[in-house]
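The values are calculated or read from the model by the stated rules, or taken from the named source; none is laboratory data. Because the structure is predicted, anything quoted here is derived from the model rather than measured. A quick note on method: Cβ atoms are made from the backbone with ideal geometry, for glycine too, and the neighbour counts reach across all protein chains shown. Calculation scope for accessible area: heavy atoms of the full protein, side chains included, ligands and nucleic acids excluded. Shrake-Rupley method; radii C 1.70, N 1.55, O 1.52, S 1.80 Å.
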Amino acid sequence: MKKSFWEVGHKPTLFSAFFYFDLSFMVWVMLGPLAVQIAADLQLNPAQKGLMVATPVLTGALLRIVMGVLVDQLKPKKAGLIGQVIVLAALLIAWLHGIHTYQQALLLGVFLGFAGAAFAVALPLASRWYPPEHQGTALGIAGAGNSGTALAALFAPGLAVAFGWNNVFGLALIPLLLALIVYTVFAKDAPDTPAPKSLSQYMAVLKDKDAWWFMLFYCVTFGGFVGMASSLTIYFHDQYGLDPVHAGYFTAACVFAGSLVRPFGGLLADRIGGIRTLSTMYALAAVFLFTLSFGMSTQLTGLGVVILAMAALGMGNGAVFQLVPQRFRKEIGVMTGLVGMAGGIGGFYLASSLGYSKQITGSYQVGLIIFAGLALLALVGLTGVKNRWRTTWGAASVTAAKV
């Protein structure tokens, strides 16, 4: 008899992973909600703003490979502790020294990438405690730490008005220290942790074409989510003239929508299959992003379309990670790093391209249309591999999970 989700696994680890992931993502995208105020003080143009908010996303993507290796070599809990200490140190130095130039802002963004790399720790930490039939739900809950991006959008602009944007870096240390304590006390590594792999074994995963497909799929879903999350405060400010605080509120609403539905994406994938769920989400995301590219006439209409796009991308994130552990259960550490890296690269592309689109054409339309096209490309790719997946590693005779 199959046990229910709440009868298996280790709930303190699951929710510790979520909390750590949540607050890490909060600081990962912090430069986005603060971008309007930072840009005003440092006199940045649209392209510089886009690159500033995209830099943590890119470094976070690349560092996910590093953290994925550390997860397999040191186990997830110790790898997570190392990442948290680095982020705390970077924020402390930024707060005490201050950010006075564009280059310093980019350098801080590089170190904030370690917070984005929390993805490669939190998901294996949770995943290894759960059987195949509950992977979508477990990783959906742990992955809902994406909602931390909403916390940054909700609080950072207001705190910057009250205390100055540089002091927001110091204030962020308070919840991060709390997350470190909770993580240290309650998170535990699963007893059946796989043995560490050699570098050649890591590279061997890249010889499997399915690894590249998953990297493409997550590049679009998570890339769209985090790229939009990093850019929306600037978007709402430029498009509708909202002040930084209200633009942050709009951004928070959109990010909450995308984050909170991620567990439902995983749950839906467990129920009807990850391929079917993901295909639907790609189609919806493409439609909403294409619609948004034409610019909505009112700010509330624009908000509604962005919320729908973010919800589709968020559910897509949950669906991708219902599938990954079925195909690469023994390599989940390195695959989480690789797939997460691809997602971060997608986010860097979207955030930076929106800035350059605004700089060159005066609008965000070109950047949004191209990313809508990438969602359709991913849909075509998924359609091409689904029959092979369902008759090999996803067959009912091989796994209890629905693929």
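Side notes on the structure shown:
- Subset of the range 97-123 (residues that are of a type in the set (A, V, I, L, M), under 21 Å from MET52 (Cα atoms) and touching a residue at least 24 places away in the same chain (Cβ under 8 Å)): ILE99, ALA105, LEU106, LEU108, VAL110, LEU112, ALA115, ALA117, ALA118
- Taking the conditions (1) within 20 Å of ARG128 (Cα to Cα); (2) of a type outside the set (D, E, K, R); (3) buried (at least 22 other Cβ atoms within 10 Å of the Cβ) in turn, THR399 satisfies each one other than (3).
- So GLN73, is it part of a helix (DSSP H, G or I), surrounded by 19 or more Cβ atoms within 10 Å (Cβ to Cβ) and among the polar types (S, T, N, Q): no
- The one condition from (1) assigned to a helix (DSSP H, G or I); (2) modelled with pLDDT of 95 or more; (3) surrounded by fewer than 19 Cβ atoms within 10 Å (Cβ to Cβ) that VAL66 does not meet is (2).
- Counting residues in the range 156-175 that are out of contact with any helix residue (DSSP H, G or I) (no Cβ under 6 Å at 6 or more places or on another chain) and open to solvent by less than 40 Å² (accessible area, probe 1.4 Å) gives one or more.
- Only one of the listed residues (SER353, SER397, SER357) is outside any helix (DSSP H, G or I) and of a type in the set (Ser, Thr, Tyr). That residue is SER397.
- LEU125 open to solvent by less than 20 Å² (accessible area, probe 1.4 Å), at pLDDT below 95 and part of a helix (DSSP H, G or I): yes
- Filter result for the condition that a residue is in contact (Cβ under 8 Å) with a residue 12 or more places away in the chain and in contact with a Gly (Cβ under 6 Å, 6 or more places away or on another chain), over GLY140, GLY145, GLY170: GLY140
- Criterion (part of a helix (DSSP H, G or I), within 30 Å of PRO12 (Cβ to Cβ) and among the hydroxyl-bearing types (Ser, Thr, Tyr)) met by exactly one of TYR183, TYR249: TYR183
- Tally, over the range 130-175, of residues that are under 30 Å from ARG327 (Cα atoms) and either part of a helix (DSSP H, G or I) or within 22 Å of the chain's Cα centre (by Cα) (or both): 19
- Flag if VAL306 is in a helix (DSSP H, G or I), farther than 15 Å from LEU377 by Cα, at pLDDT below 95 and of a type outside the set (Gly, Ala, Ser): no
- Enumeration of residues in the range 35-77 that are under 14 Å from SER352 (Cα atoms) and of a type outside the set (A, V, I, L, M, F, W, C): ASN45, PRO46, GLN48, LYS49, GLY50, THR55, PRO56, THR59
- Set PHE290, PHE328, PHE236: member being aromatic (Phe, Trp, Tyr), closer than 21 Å to THR149 by Cβ and touching a residue at least 60 places away in the same chain (Cβ under 8 Å): PHE236
- Look at (1) open to solvent by 40 Å² or more (accessible area, probe 1.4 Å); (2) not in a helix (DSSP H, G or I) and you find that LEU44 fails only one, number (1).
- Qualifying residues in the range 246-279 (those that are hydroxyl-bearing (Ser, Thr, Tyr) and closer than 21 Å to THR399 by Cβ) - the one surrounded by the most Cβ atoms within 10 Å (Cβ to Cβ): THR277
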